[in-house]
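Only one structure is covered here, and it is reproduced in the block below.
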């Protein structure tokens, strides 16, 4: 297989694959092969894989450095689960971020000419970036509940979230360019979260038990 040959010989591969909602934990096996041979930092090749369609649960889970994943379409829950220093994720229109992401890059974009504004649509599911220890995620659209729950080191940009954003987060940085639900940052003990508060409603949505809130203003 072309991808596994690239892993074995540290090559660069570019591939486009269709994906369906019955396809779960896609990229997990590939990430496992990379990690088994090189750990989470030693892979010198590059796996550039574009998926088109609707991804099932745990899309782009356990991504490792050197894996550059793009989804054109949407996804279910647990996208980018446990990603770490292995994957960077860029999402324009995503319905679920990889659970357990460890590194690399993930890009999710909507299909062109969808007839709706991506920033007004929920395109990633719940519990994205669960347990992520690295990587980057950029979402063109909104996420469901518990976005970046237990995030440790991943960096992410999203255009809005549901309830419990950044719950139990211990590190990393999350930027939300839109509205959020209630109970933001519950149990959050580390990391940074920047949230655009155009309607001045954010303060009442933040769980203030642990976190400190500071308004960023232009000089």
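List of remarks:
- Candidates 127, 170, 114: the one that is under 30 Å from residue 39 (Cβ atoms) and either in contact with a helix residue (DSSP H, G or I) (Cβ under 6 Å, 6 or more places away or on another chain) or surrounded by fewer than 19 Cβ atoms within 10 Å (Cβ to Cβ) (or both) is 170.
- Single residue of segment 25-51 satisfying the filter (under 24 Å from residue 110 (Cβ atoms) and in contact (Cβ under 8 Å) with a residue 40 or more places away in the chain) that is surrounded by the fewest Cβ atoms within 10 Å (Cβ to Cβ): 49
- Of the strands (runs of 3 or more DSSP E) lying entirely inside segment 107-193, those containing at least 3 residues that are free of Cβ contacts under 8 Å to residues at least 24 places away in the same chain span 170-176.
- Test for residue 129: is it under 9 Å from the mean Cα position of the chain (by Cα), closer than 19 Å to residue 28 by Cα and at pLDDT below 90: no
The values are calculated or read from the model by the stated rules, or taken from the named source; none is laboratory data. Remember, predicted model here, so these are calculated numbers, not experimental data. Every residue, glycine among them, receives a Cβ derived from its backbone with ideal geometry; neighbour counts consider all protein chains shown.
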